[in-house]
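**Q** Okay, handing you the structure first.
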Amino acid sequence: MSKYAPHKRSANQPKATSSTTCQKCLGKGHFTYECKGQRPYISRPSRTAQLENPRLAAKLKQTIEVPEEFTKPAGTANQILEAKEKERGEGKGRGG
């Protein structure tokens with residue numbers, strides 16, 4: 001054993017617990033870089049199947065907070081431009 005490359009675990013490399021799950025083989029008890037198993041094939045539904053089946057589509061929908069300016073279908077660009085023009089008008093009055 002070399003003094004430059006010790007073969008024992010240090011504090012920086014903890015031992016995997018029994019609940020540690022490998023991301024490669026989905027087995028328990030070892031880290032991904034220690035894995036000697038093969039990657040299992042996991043079948044997933046296609047995008048069409050997800051959209052056609054309401055149970056699968058429910059998993060896709062997430063509650064995402066959308067700003068109010070994007071919820072209205074018409075006039076969004078005009079509202080943004082009006083707000084910017086007001087800001088410009090206020091700026092001219094001060095430093096003019």
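**Q** Straight-line reach from LYS15: which aspartates and glutamates have a Cα under 17 Å away, not including same-chain ones fewer than 8 places off?
**A** Within reach: GLU34.
**Q** Taking 0.36 nm per residue of separation and subtracting the Cα-Cα distance, what length does fully extending SER18 through THR32 add?
**A** Working it through step by step, the gained length comes to 3.7 nm.
**Q** Related question: Provide PHE31, PHE70 in ascending order of the number of other Cβ atoms located within 10 Å of each residue's Cβ, fewest first.
**A** PHE70, PHE31
**Q** Could you work out how far apart the two model spin labels at GLU52 and GLU85 are, taking each label as a point 7 Å from the Cα in the direction of the beta carbon, and quote it in nm?
**A** Result: 5.1 nm between the two label points.
**Q** Please list, in order along the stretch 47-52, the HN-Hα scalar couplings obtained from phi with the Karplus expression 6.51 cos²θ - 1.76 cosθ + 1.60 (θ = phi - 60°), rounded to whole Hz, x for Gly and Pro.
**A** Values, residue by residue: 4, 5, 5, 5, 6, 7 Hz.
**Q** Determine, for each peptide in 36-49, 17-30, the mean count of other beta carbons within 10 angstrom over its residues, then list the peptides with the highest first.
**A** Those peptides, ordered most packed to least, come out 17-30, 36-49.
No value in this document is a laboratory result; all are computed from the given coordinates. Worth saying up front: this structure is predicted, and the values here are computed from it rather than measured. Using ideal geometry, Cβ is built from the backbone for each residue, glycine included, and neighbour counts are taken over all protein chains shown.
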